[in-house]
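K.L.:
What follows is a structure written as C-alpha cells; I'll ask about it next.
What follows is calculated from the coordinates using simple rules that are stated; it is not laboratory data. None of these values were measured; they are calculated from a predicted model. Here the Cβ positions follow ideal geometry from the backbone for every residue, glycine too, while neighbour counts run over all protein chains shown.
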Amino acid sequence: MNFISTRGKVRECGFIDTFLMGLGDDGGLMIPETIPAVSRETLAEWEGLSYQDLMLAIFSLYTNGEIPGQDLKELVYESYAGFRSPEVAPLTALNDSLYVLELYHGPTFAFKDVALQFMGNLYAYVARKQNKVINILGATSGDTGAAAISGVRSKEGIQICILHPHGKVSRVQELQMTTVQDDNVLNLSVKGNFDDCQQIIKELFADLEFKTKYHLRAINSINFVRILAQTVYYFYAYFRLPEEARAKGVSFSIPTGNFGNIFSGYLAKKMGLPIDKLILATNENNILQRFVHEGVYMPDKFYSTHSPSMDIQIASNFERYLYYLCGGNANETGQRMERFKSEGKLVFGEAELQQIQKDFAAHSVNGEECLQTIQAYEGRYGYLLDPHSACGIAASEKFSQGEICISLATAHPAKFDEAISLCGIKQTFPQAIEQLFDKPQHQVIVEHSKQDVVEQLEQFYRA
C-alpha cells in the first residue's frame, strides 16, 4: 500500500511516513494510491468482530506491516480501554428505521476521541521507536482540541499546540482544552473564526523549512490516519444492525463541517460497505449543502450557531473528494485548488453535479430546526441530542423514506448546554464535566496573525 498526494507532487510513501507528514509536502492531502476492495465474504467474516478487532482488520489493509501485529494490537486496545462503553461506539435504536451511533463515550465526550486516542498513542509509539521529537500542531472548532490534548498529554517526546477561535467554542469545549496544566500543552485562543485558525495551520505546514525545523505533525483530519480511524465505525455500525434491517438498505446521516467525518463514510463505501445514501448535515454555514445542491463551492457569510463545531466555511477534506470527482487526476485537482485560492469559488458542470448528487444528499439545519429537533426527540423518545447530533437527525428525516438510517451522534449534550438550556431542558452533567468549572484556565489570546502564532510557537518549543 503506497500513499500519494491529491496534487501528485509527493513521492509515494508508506503508512508511517504518511502519518508523520500529515499535510502533503506539496500542499495536497495524502490518500491511498488504491482503495482496498473488501469482498462480501470478508464483510461476512468481519461481522462478529469486536470494535478493536475490526479496527485491526481494516488497518491491516493499509499499514504494510510497518507496525508489528502485536504492537498494533496493544496500541488499539490501549486506545479504547478508557471509553465508558465496552462497545466503543454503541448503536441505539430509536424506532424501527432510525438508529443513533453514539460516538461520544471517549474521555472528552466527542467523536474525535475515537481517532485521536489512537493517534496520540501512535505518535508516542513512533517517537519512542524512532527517537523523534514530535510537535503536534492543530486547529479546532471545539472538539478536536480537547480530544487531541487528551490523547497526548504528558506523553514523553510530544508537545501539542492547539489553536481555537476566541469566544466561538462552547464553554465546556473551552474548559476541556484550557484547564489542562501539563507543560507539553499550549492553547492559543485566536481572535477570528475556525477558518482563520485552519488557514494559519495550513500555511505553517506548507512552510517546509518551519515544518522540518520544529518537527511539526498534524492531528486534524488533514492527517489520513484520522480519516481511516473514523472509517472503522461505519463498518461497526453496519454490522450491529439486525440482518433484516440491513436488507432494507442502509443510509448514514452525518453532521459535518470540515468534510472529514463524511469522507470517512465515503471511503468505507468505496471499500465495499453497502451504504445507500451518505446524508450530509450542516448548519447555517452551509457551503457543503450548496455544493451538493448547486455544484458551486464558495464560502459565504460566517454564522455563529448552536452547533459551533460545524461553524466552518472552508472544509479541509473537500480536496480529497475533489480528487475522486476528477477521476483521480492529480494535476486537475491541483489546478482547481489553485483556482479556488485565487478566485474564491469552484463551479462544477452538469455531469459532475450528477455524480455529486449520486454520492451525497445534503440538508442545512437552521437554529430553530435544530432546537425543535432536540425538543421533539427528548419528548418522543426521552433521548437527549446535542445540537450537532440534532442536525444529523433533522437531515435524516428529510431523506430517509422507509429504509434504515444510522445518524451519527457526535457529542454528549453536556458539551453544549447553551443550546440545551434554550430548549427548556435541564440536564445533569457527567462528573468529569462538572469538575471543569472549578479549575483555572491556561491559554494565550492572540491576534489572527501567522506571525503572532509563530512567535508563541517558538517560545513554546524553546521552553
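K.L.:
Using the crude model of +1 on Lys and Arg Cβ and -1 on Asp and Glu Cβ, and no other charge, please compute the dipole size for the chain relative to its Cα centre, in debye to 20.
P.N.:
Numbers: 41 positive and 55 negative charges, 87 e Å.
Dipole magnitude for the chain comes out near 420 debye.
K.L.:
Per DSSP helix of 4 or more residues, -39500 (n - 2.57); summed, then divided by the residues of the chain. What does that give at 222 nm, rounded to the nearest 500? Could the numbers behind the result be given before it?
P.N.:
Numbers: 21 runs with 214 residues, N = 463.
Value at 222 nm, helices only, nearest 500: -13500 deg cm²/dmol.
K.L.:
At a threshold of 8 angstrom on Cα-Cα distance, excluding pairs fewer than six apart, so keeping six or more, what relative contact order does the chain reach in percent? It would help to have the intermediate numbers written out before the result.
P.N.:
Values: 886 pairs, mean separation 88.3, N = 463.
Relative contact order comes out at 19 percent.
K.L.:
Something else about it: Considering only the other residues whose Cβ falls under 9 Å of the Cβ of Leu91, what net charge follows from Lys and Arg at +1 and Asp and Glu at -1? Numbers along the way, then the final one.
P.N.:
Values: positive: Arg240; negative: Glu87, Glu102.
Once positives and negatives cancel, what remains is -1.
K.L.:
Sticking with this one: Between the stretch 263-292 and the stretch 39-112, how many Å separate their Cα centres?
P.N.:
The two parts, judged by their Cα centres, are 20 Å apart.
K.L.:
Using the Kirkwood formula on the Cα atoms of the stretch 259-324, what hydrodynamic radius do you get, in angstrom to one decimal?
P.N.:
Values: mean 1/r = 0.0781 Å⁻¹.
One decimal place: 12.8 Å for the Kirkwood radius.
K.L.:
Taking 0.36 nm per residue of sequence separation and subtracting the Cα-Cα distance, how much length would be gained by fully extending the chain between Asn366 and Ala37, in nm to one decimal?
P.N.:
Working: separation 329, 0.36 × 329 = 118.44 nm, distance 3.79 nm.
Working it through step by step, the gained length comes to 114.6 nm.
K.L.:
May I pose another question? Just to compare against my own numbers: the Cα pair-distance distribution for the stretch 143-262, 5 Å bins, whole % per bin, please.
P.N.:
Whole-percent P(r) values from 0 Å outward: 2, 9, 16, 19, 19, 14, 8, 6, 5, 3, 1, 0.
K.L.:
Straight-line reach from Lys129: which lysines have a Cα under 25 Å away, not including same-chain ones fewer than 8 places off?
P.N.:
Lys73, Lys155, Lys211, Lys213
K.L.:
For Cα extents along the principal axes in Å, several values are listed as (1) 60, 58, 44; (2) 58, 50, 50; (3) 61, 46, 44; flag the one computed from this structure.
P.N.:
Label (2) holds the value from this structure.
K.L.:
Now for a different question. For every other residue with a beta carbon closer than 13 angstrom to the beta carbon of Ile425, add +1 if it is Lys or Arg and -1 if Asp or Glu, then tell me the sum.
P.N.:
Values: positive: Lys426; negative: Glu378, Asp386, Asp417, Glu418.
Its environment carries a net charge of -3.
K.L.:
Please give the length that would be gained between Asn331 and Gln435 if that part of the chain were fully extended, namely 0.36 nm times their separation in residues minus their C-alpha to C-alpha distance (nm, one decimal). Each step should come with its number before you reach the end.
P.N.:
Values: separation 104, 0.36 × 104 = 37.44 nm, distance 5.13 nm.
Extra length from Asn331 to Gln435 when fully extended: 32.3 nm.
K.L.:
Rounded, prolate or oblate: which fits the stretch 294-375, taking a ≥ b ≥ c as square roots of the Cα gyration tensor eigenvalues, rounded meaning a/c under 1.5, else prolate when a/b beats b/c?
P.N.:
Working: a/c = 2.58, a/b = 1.79, b/c = 1.44.
The shape class here is prolate.
K.L.:
Have a look at Tyr214, Thr108, Ile420 and report the one farthest towards the positive end of the charge dipole of the chain, computed about the Cα centre with Cβ charges (Lys/Arg +1, Asp/Glu -1).
P.N.:
Tyr214
K.L.:
Can you give the local net charge around Lys269? Use residues other than it whose beta-carbon is closer than 14 angstrom to its beta-carbon, Lys and Arg +1, Asp and Glu -1.
P.N.:
Numbers: positive: Lys270, Lys277, Arg320, Lys358; negative: Asp276, Asp359.
Computed value for this residue: +2.
K.L.:
Rounded to whole Hz and in sequence order, give me ³J(HN,Hα) for the stretch 21-29 from the Karplus expression 6.51 cos²θ - 1.76 cosθ + 1.60, θ = phi - 60°, writing x for Gly and Pro.
P.N.:
5, x, 5, x, 5, 9, x, x, 10
K.L.:
Stretched out fully, how many nm does the piece from Arg380 to Lys345 gain, at 0.36 nm a residue minus the Cα gap? Walk me through the numbers before you get to the answer.
P.N.:
Numbers: separation 35, 0.36 × 35 = 12.60 nm, distance 4.20 nm.
Taking Arg380 through Lys345 to full extension adds about 8.4 nm, to one decimal.
K.L.:
Where in the stretch 183-217 does the label zone of Asp17 land, with the point 7 angstrom along Cα→C-beta and an amide N cut-off under 19 Å?
P.N.:
Only 206, 208-209, 211-213, 215-217 fall inside the zone, counting backbone N under 19 Å.
K.L.:
A further question on this structure: Show which lysines lie in cross-link reach of Lys248 when reach means a straight Cα distance below 27 angstrom and same-chain residues fewer than eight apart are skipped.
P.N.:
Lys269, Lys270, Lys277, Lys358, Lys398
K.L.:
Excluding residues fewer than 8 places away in the same chain, name every one of the lysines whose C-alpha is closer than 16 Å to that of Lys301.
P.N.:
Within reach: Lys168, Lys345.
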